1. Of the conditions (1) of a type in the set (Gly, Ala, Ser); (2) without any contact (Cβ under 8 Å) to a residue 60 or more places away in the chain; (3) buried (at least 16 other Cβ atoms within 10 Å of the Cβ), residue 114 satisfies every one except a single condition; which number is it?
2. Which one is surrounded by the most Cβ atoms within 10 Å (Cβ to Cβ), of the residues in segment 205-221 that are at negative phi and not in a loop (DSSP other than H, G, I, E, B)?
3. How about segment 616-633: which of its residues are part of a strand (DSSP E or B) and more than 18 Å from residue 587 (Cα to Cα)?
4. Sort out which residues of segment 347-369 are of a type outside the set (Phe, Trp, Tyr), away from the ligand (no atom under 16 Å from the Cβ) and out of contact with any strand residue (DSSP E or B) (no Cβ under 8 Å at 6 or more places or on another chain), and write them in order of number.
5. Pick out the one residue from 384, 343 that is within 16 Å of the ligand (Cβ to nearest atom) and over 23 Å from residue 491 (Cα atoms).
6. What residue, among those in segment 324-344 that are crowded, with 20+ Cβ neighbours inside 10 Å and free of Cβ contacts under 8 Å to residues at least 60 places away in the same chain, is farthest from residue 374 (Cα to Cα)?
7. Could you give every pair whose Cβ atoms fall below 9 Å, whose first residue belongs to segment 491-507 and is under 21 Å from residue 167 (Cβ atoms), and whose second residue is hydroxyl-bearing (Ser, Thr, Tyr) and within 15 Å of the ligand (Cβ to nearest atom), counting only separations of at least 6 or pairs across chains?
8. Within segment 137-163, work out how many residues are part of a loop (DSSP other than H, G, I, E, B) and either of a type in the set (S, T, N, Q) or surrounded by fewer than 21 Cβ atoms within 10 Å (Cβ to Cβ) (or both).
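The values are calculated or read from the model by the stated rules, or taken from the named source; none is laboratory data. Computed from a predicted structure; not experimentally measured. Neighbour counts run over all protein chains shown; Cβ positions are idealised from the backbone, glycine included.
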Amino acid sequence: MKKILLLFVGLCSITLAKTQGQTPLNIIPEPVSVERVGGQFQLPASLTIAADWENPAIRNTVMLFSKKLETAAGISESKVDLRQNAALRFQINDIVDLQIGEEGYLLEVSPETGVTISANQPAGLFYGVQTLLQLLPPAIESSALVPQVDWVIPAVKIRDYPRFGWRGMMFDVVRHFFSKEDVKQYIDQMVKYKLNLLHLHLTDDEGWRIEIKSLPRLTTVGAWRVNKTGTFGNFSKPGPNEPKDYGGFYTQEDIRELVQYAQDRFVNILPEVDVPGHSLAAIAAYPELSCTPGADKYQVRSGEKIMEWPPSGHFYGLLDNTLCPANEKVYDFLDKVFTEVAQLFPFEYIHMGGDETARNFWEKMPEIKALMKKENLKNLDEVQSYFVKRVEKIVESKGKKLIGWDEILQGGLAPNAAVMSWRGLKGGIEAAQQNHEVVMSPTTYVYFDYMQGDKIIEPPVYASLRLKKVYEFDPLPPGVSKKYIKGGQANLWTEQVYNMRHAEYMTWPRAFALSEDVWSQPEKKNWTRFVQKTEAQFPRLDFSKTKYATSMYDPVFAFSGNAKGEIIVTLSTEVEGLSIHYSFDNSFPDQYYPVYDKPVIVPKDASLMKVVTYRGDQQVGRIISFPVAEMKKRAGMQ
Ligand code: ACM
């Protein structure tokens with residue numbers, strides 16, 4: 001026993017000696033395996049890089065890296081071929097390493113010989129570079145030279161590969177328009193965390209954002225609307241003569257440029273044309289696509305109310321924003337649209353939307369009744385399914401595969417369609433059980449339009465989704481075959497996102513969590529470590545001038561009432577080791593104010609509670625002012 005104890009103590013001291021003085025590595029997403037080998041590699045002022053310079057994908061990857069070194073560190077590079085000695089080597093494996101697949105890599109940093117990244121494919125080299133960048137000081141993310149940085153890389157051996165091939169972000173460029181340069185910036189940010197799929201939501205009630213040459217009115221009319229600002233969804237109805245000067249679209253040249261930009265960074269772009277619902281912009285441009293009389297008066301939506309969402313869940317349109325499934329012109333229209341879309345985007349899938357189709361106008365349409373009779377369709381689910389199946393045929397005739405939101409399950413799935421499950425995991429599970437491919441994208445875990453904290457401080461949206469919840473996302477539900485789960489994706493809808501700064505705020509740090517959800521092995525995930533790594537990433541976002549939310553430091557509030565009619569406030573934090581301080585006297589609390597250590601009773605005459613979080617002497621949360629009147633409401637006392 002004594003011997004065992006001694007051995008244990010001995011082993012502990014070896015481990016301690018190994019880790020002592022080593023700052024932890026803070027790589028996101030967590031790699032499959034990381035071994036610290038001791039010491040570090042000092043980057044010289046001029047670097048030799050060996051790679052297969054003839055291979056454009058490899059050359060691009062290396063050049064993207066060396067440009068960052070040049071910009072932030074002033075380090076220049078000289079190119080040599082792989083037979084020569086070099087401080088940095090990018091090599092493709094002679095013998096395929098089956099375990100790491102197409103995107104995996106091996107990264108070795110030695111104090112003596114420098115850096116080697118090896119992979120089966122250029123994509124693996126690219127991901128090795130993303131990890132290497134995270135081993136360099138945060139200043140590497142600067143777009144200007146940063147003096148007095150010690151450009152060292154800790155010596156490591158990292159072996160890494162992704163859990164899922166589909167690691168996506170959906171960016172809604174309709175509700176608010178984001179320029180080609182914004183989209184490029186978004187891609188730049190995504191790839192640092194090994195996300196590889198950008199789903200562009202290109203059409204909706206509020207705009208049509210892609211040039212279709214055979215249907216010019218889609219963009220001359222459909223891309224423009226009356227400009228409104230405030231809380232989207234409650235705007236006044238635009239008058240017929242108000243100027244329609246908000247909007248924009250991507251020309252086909254822009255799309256080609258974006259596709260190339262994405263490809264150079266190993267990102268696929270998935271285009272979405274959302275039909276048959278969410279189609280007001282298309283109808284404003286071509287009213288004949290509707291079967292509803294008066295559709296010629298419809299305008300692109302500016303954010304006024306066009307749908308009702310009663311608690312029953314049976315939503316309905318106040319106007320008919322759907323393409324008419326009984327109208328042959330609609331299928332001719334879609335054939336033209338998908339012909340051009342398929343030519344522009346090399347990705348194998350096209351997304352047809354298919355979500356939230358309000359069918360209250362369909363119920364009464366004689367054209368729909370005739371279609372049901374002719375096609376023997378028993379109900380509106382089957383009408384919708386008839387539409388989806390016809391769209392699938394069109395998409396497949398262009399050499400592409402169809403994917404749609406999980407409503408495409410209603411009335412029977414089209415034969416080969418893939419499902420993007422957004423109303424929870426249920427639709428995805430159902431589709432996988434029917435042997436269809438699935439991308440998990442549920443509101444419960446990955447809706448990045450939801451607030452990151454409490455609405456008392458966040459820009460208001462109807463729901464919250466905190467960082468910790470995103471970190472709990474597993475795209476592979478128990479009992480489902482991995483074969484059908486292509487991966488996961490988060491969705492950034494932009495009704496309340498007016499500009500790029502706010503798009504970034506809504507994305508980060510939640511996309512860090514997403515990246516571990518879809519890249520890392522589940523047993524490698526660890527919330528406490530993830531929070532530390534997230535904090536270590538923040539200076540990188542500062543250097544790259546990327547906005548992010550600090551909501552994870554703000555407390556979670558809960559309220560209840562007691563028998564005396566008093567309000568009880570219960571506070572907690574999702575980040576460990578913080579102290580919460582508060583006041584009821586309207587003054588700003590700091591670290592010397594009372595510490596929250598148990599539920600607090602609100603003093604009878606208080607009207608406001610102010611709360612802030614600290615780590616030691618450092619304020620980390622924002623000062624939050626919580627009106628007592630709002631507490632009463634939440635406690636159900638009003
Ligand atoms: C969706 O959020 N309507 C797909």
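1. (2)
2. 208
3. Keep residues of segment 616-633 that are part of a strand (DSSP E or B), which gives 618-619, 624-627.
The answer is 618, and nothing else.
4. Scanning segment 347-369 gives 363, 364, 365, 366, 367, 368, 369.
5. Values: 343 fails: within 16 Å of the ligand (Cβ to nearest atom).
That would be 384, the only listed residue that is within 16 Å of the ligand (Cβ to nearest atom) and over 23 Å from residue 491 (Cα atoms).
6. Only one residue tops the list, namely 330.
7. Listed pairs, sorted by first residue: 491/441; 491/443; 491/447; 492/447; 493/447; 503/494; 506/450; 506/494.
8. Of the residues in segment 137-163, 11 are part of a loop (DSSP other than H, G, I, E, B) and either of a type in the set (S, T, N, Q) or surrounded by fewer than 21 Cβ atoms within 10 Å (Cβ to Cβ) (or both).
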